[in-house]
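Colleague: Dropping the structure in here first, questions after.
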Amino acid sequence: MTSPPLAAGDPAAVFVPHDHAACAAEALTRAERICAETGARLTPVRRRVLELLLEQHRAMGAYEVLDRLAAEGFGHQPPVAYRALDFLTEHGLAHRIRRLNAFAACSHPGEAHAPVFLICERCHRVAEAAGTGVRGALDTAASTAGFSVDGATLEAYGLCAACREASA
């Protein structure tokens, strides 16, 4: 019996084999559409950084991105990577994963959402899961304290199924 195909943006897709080329192509198409709709410029460097983040569903540090860009002739100065990463996060195309001091492509660009990041500590793959319930609970707790939450990031860490099996 085969498993049903996973929907684009399904957090389970990150940790199981899937048609990753189609997944990345769909994400790039959405990014191009979002930039066209908002008038933002997806320059060759910004596009390439997004492609790098989409390669393996894992978070990448700015210097890892910079090394890849430099190897491809895009320059080797840190501002090259940081400006592209800043653009991608500002436009909702990527997220900063603080636990790893790295960045990951957004699974739901152009959509209002409250993500929860599931981070495998061994392979560093990052899945973006829906966190609407968690965000609601946070807003309720904050409200009872007279506090208004402007933003929050929830990062859960552990081992994906493949890494757990490998260590068993």
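The values are calculated or read from the model by the stated rules, or taken from the named source; none is laboratory data. Owing to the predicted nature of the structure, the values given are computational and were not obtained by experimental measurement. Here the Cβ positions follow ideal geometry from the backbone for every residue, glycine too, while neighbour counts run over all protein chains shown.
Colleague: Tell me the helices (runs of 4 or more DSSP H) entirely within region 73-168 that contain at least 3 residues that are modelled with pLDDT of 90 or more and among the polar types (S, T, N, Q).
Modeller: Because the criterion is at least 3 residues that are modelled with pLDDT of 90 or more and among the polar types (S, T, N, Q), the helices (runs of 4 or more DSSP H) in region 73-168 that meet it are 132-144.
Colleague: Further, regarding this structure: Just need a number here: residues in region 28-55 that are surrounded by fewer than 15 Cβ atoms within 10 Å (Cβ to Cβ) and outside any helix (DSSP H, G or I).
Modeller: Within region 28-55, residues that are surrounded by fewer than 15 Cβ atoms within 10 Å (Cβ to Cβ) and outside any helix (DSSP H, G or I) number 4.
Colleague: Name the single residue, out of those in region 56-65 being part of a helix (DSSP H, G or I) and of a type outside the set (Ser, Thr, Tyr), that is surrounded by the most Cβ atoms within 10 Å (Cβ to Cβ).
Modeller: Among those that are part of a helix (DSSP H, G or I) and of a type outside the set (Ser, Thr, Tyr), it is Val65.
Colleague: Out of the residues in region 76-107 that are surrounded by 24 or more Cβ atoms within 10 Å (Cβ to Cβ) and out of contact with any strand residue (DSSP E or B) (no Cβ under 8 Å at 6 or more places or on another chain), state the one that is farthest from Glu32 (Cα to Cα).
Modeller: Ala81
Colleague: From Gly110, Gly73, which residue is at positive phi, in contact with a helix residue (DSSP H, G or I) (Cβ under 6 Å, 6 or more places away or on another chain), surrounded by fewer than 19 Cβ atoms within 10 Å (Cβ to Cβ) and not aromatic (Phe, Trp, Tyr)?
Modeller: Gly110
Colleague: Among the residues of region 88-115, which ones are under 8 Å from the mean Cα position of the chain (by Cα) and not aliphatic (A, V, I, L, M)?
Modeller: His95, Arg96, Phe103, Cys106, Ser107
Colleague: Among the residues of region 3-11, is there at least one that is assigned to a helix (DSSP H, G or I) and at pLDDT below 95?
Modeller: Yes, because at least one residue in region 3-11 is assigned to a helix (DSSP H, G or I) and at pLDDT below 95.
Colleague: Here's something else I'd like to know. Of all residues in region 147-165, which are within 13 Å of Ala127 (Cα to Cα) and of a type in the set (D, E, K, R)?
Modeller: Of everything in region 147-165, just one residue is within 13 Å of Ala127 (Cα to Cα) and of a type in the set (D, E, K, R), namely Glu155.
Colleague: What pairs can you find where one residue is in region 33-56 and more than 15 Å from Asp86 (Cα to Cα), the other is charged (D, E, K, R) and not in a helix (DSSP H, G or I), and their Cβ atoms are less than 9 Å apart, with a gap of 6+ or different chains?
Modeller: From residues that are more than 15 Å from Asp86 (Cα to Cα), the pairs are Gln56/Arg125.
Colleague: Is it the case that region 60-68 has a residue that's touching a residue at least 12 places away in the same chain (Cβ under 8 Å), farther than 28 Å from Ala36 by Cβ and among the small types (Gly, Ala, Ser)?
Modeller: Taking every residue of region 60-68 in turn, at least one turns out to be touching a residue at least 12 places away in the same chain (Cβ under 8 Å), farther than 28 Å from Ala36 by Cβ and among the small types (Gly, Ala, Ser).
Colleague: Tally up the residues in region 18-27 that are in a helix (DSSP H, G or I) and either in contact (Cβ under 8 Å) with a residue 40 or more places away in the chain or crowded, with 16+ Cβ neighbours inside 10 Å (or both), please.
Modeller: Number satisfying all stated conditions: 3.
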